Amino acid sequence: MNPLFAGILLSTLLRAALGNRKRCYDCGGGPSGSCKETVTTCGEGERCGFLERKPQPDPRQTKPTGNPSVTLIHHHPACVAAHHCSRVETEVVGDVTYMTHRDCCVCDLCNSAVASTAALACIVAAGVTALAWLLSGLWRG
């Protein structure tokens, strides 16, 4: 058996067995200031992504409390349900209303809170795999 074909077959079988689950960074719901990134395997139908939560001003409040120039924004990596990707929703946690924005990415470990080359590596790997598949078709012909 051709080693390239065997590699592609093995990769396909592993993906099918794991249900296309992604390995992603996760903060366990904590804000980015206290984030201890861990690697987790997302559930079926989830992708790697980021959550960004911004508290919204209370419309009943006439005078801002605290320092009005300080806005606490939570931005952290997490597994995100695919149907929530690129959506903005309003959520109420306790007595605070948040606007929550969820962004997703498609490769394993593409959602690091620190800059990484994981996304670029994923694109390069996909390109190399596609090129190998095309070239193997030419060699057989």
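The values are calculated or read from the model by the stated rules, or taken from the named source; none is laboratory data. As the structure is a prediction and not an experimental result, all values here were calculated from the model. Methodologically, a virtual Cβ is constructed for each residue, glycine included, from the backbone with ideal geometry; neighbour enumeration extends over all protein chains shown.
Among the residues of region 79-112, the ones that are surrounded by 12 or more Cβ atoms within 10 Å (Cβ to Cβ) and at positive phi come to 1 in all. Residues being modelled with pLDDT of 90 or more and either among the polar types (S, T, N, Q) or out of contact with any Leu (no Cβ under 7 Å at 6 or more places or on another chain) (or both): count how many of those fall in region 64-79. Of the residues in region 64-79, 2 are modelled with pLDDT of 90 or more and either among the polar types (S, T, N, Q) or out of contact with any Leu (no Cβ under 7 Å at 6 or more places or on another chain) (or both). Of the candidates ARG60, ARG140, ARG47, ARG53, the single residue that is basic (Lys, Arg) and modelled with pLDDT of 90 or more is ARG47.
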